[in-house]
Structures are given as structure tokens and as C-alpha cells.
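Reviewing the structure listed below.
The values are calculated or read from the model by the stated rules, or taken from the named source; none is laboratory data. Predicted, not measured: the structure shown is a model, and the values here were computed from it. Cβ placement follows ideal geometry from the backbone for every residue including glycine, while neighbour counts extend to all protein chains displayed.
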Amino acid sequence: MSGNPFYKLAPFIQEYIYKKRWETLRPAQVEALNICFGTRNHLLIAAGTASGKTEAAFFPAMSELHERPAKSVGILYIGPLKALINDQFERMKDLLIESRIPVWHWHGDVSQAEKTKLMRNPSGILQITPESLEGLLMNRPNAIPALFQDLRYIIIDEVHAFMGADRGIQVLSQITRLER
């Protein structure tokens, strides 16, 4: 029982899985969770469509934030499209209701009031496009240290959309700037 990565997940995630009536974790999720819970190394999850890659990346990261809350944004999620971010934002809000981990999204369609709330209380999960992250890095350089001082995870969704393209170089540059 203890070898099953399900039992290493935060209780709110286990409850979410029960509520959604998932009979089991998918193979890609089990493998990714075992690696995430067993190492601090980088991980690339490559699996078919609808194989649960996003959950496989988020579940261990959210479990850590639940156990040890971050002093800033703890998880940075970079997605290629506003529509994908909006979809993930709604999914995460549903999942995180019981967790006390806030989820934020930041792109051109998000109100300035929501962005101000994040800037005043940087915490939880930030979902953003590379273009919006670039704007944030360029236009609010003095806010970046407080916003990301305790950043623990960067999740890049649909990584193939960035590979071999200018946007991929942009994301790599942004990650390098955040590491400073």
C-alpha cells in the first residue's frame, strides 16, 4: 500500500480522485509520481493525449505546497495559449477548493484587479503564457523577487509547441532570468 504513489498525495487530491470516481491512476501518472516523489531532478512527461500528464505534473507539486506552503508563487505553469490556461484554471480551481492553495491566471484577458491581488499576496499557482510572463518580467522587475522568491516548480504544458521555435527560446530565457 505504501508503495502506491496515490498514498503520497495530499488528502485533498486523494479526495478529488475519489469524487471524480477515478478507479486508478493512469500508468503515465504512476510513473511520473514515483519519479517526482523520489527525486528533485527535472522531469519531462511524454505520453499520449488524455493520459493525465497535467495531473501527473501538478499532483506532487501541489502535495508539497499543501504540506509546506510557499512564501511566494510556488508553482509556475507556462502554457502556450490563453484558452488552455483558462481551461486549466477552471480545473485547478475545482481541485484546489479544499486545499487553501490559491490559483491565479495572468494574460491579457485577466482583469487588472485580479493581477493586483496576486501582486499583493504572491502565493500558490500562477498560470501564464510566455508573452505575459515576458511582460511581467519587463514591466515589474522590482516585484519579481517577492513574486517568485520561493518558486519550487515550473510546469511547461504542451512543451512541443515551444520546441524549435522562438517561443521556446523565450521560455528558456525567462526560466534563466527567474533563476537569478
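So the values come out like this:
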quantity	calculated
Qualifying residue in region 132-144 (condition: touching a residue at least 12 places away in the same chain (Cβ under 8 Å) and small (G, A, S))	yes
Subset of region 145-160 that is surrounded by fewer than 17 Cβ atoms within 10 Å (Cβ to Cβ) and of a type in the set (A, V, I, L, M) - its residue that is modelled with the lowest pLDDT	V159
Test for K115: is it in the same structural domain as I175 (by TED's automatic domain parsing) and either within 16 Å of the chain's Cα centre (by Cα) or part of a loop (DSSP other than H, G, I, E, B) (or both)	no
Output for region 63-91, where each listed residue is free of Cβ contacts under 8 Å to residues at least 40 places away in the same chain and out of contact with any His (no Cβ under 9 Å at 6 or more places or on another chain)	R68, A83, D87, E90, R91
Given (1) farther than 20 Å from G74 by Cα; (2) part of a helix (DSSP H, G or I), number of the condition S132 does not satisfy	(1)
Region 135-180, residues that are of a type in the set (D, E, K, R) and more than 14 Å from Y77 (Cα to Cα)	R140, D150, D166, R167, R177, E179, R180
Filter result for the condition that a residue is among the aliphatic types (A, V, I, L, M), surrounded by fewer than 21 Cβ atoms within 10 Å (Cβ to Cβ) and out of contact with any Pro (no Cβ under 7 Å at 6 or more places or on another chain), over A57, A83	A83
From R40, R21, residue being out of contact with any helix residue (DSSP H, G or I) (no Cβ under 8 Å at 6 or more places or on another chain) and modelled with pLDDT of 90 or more	R21
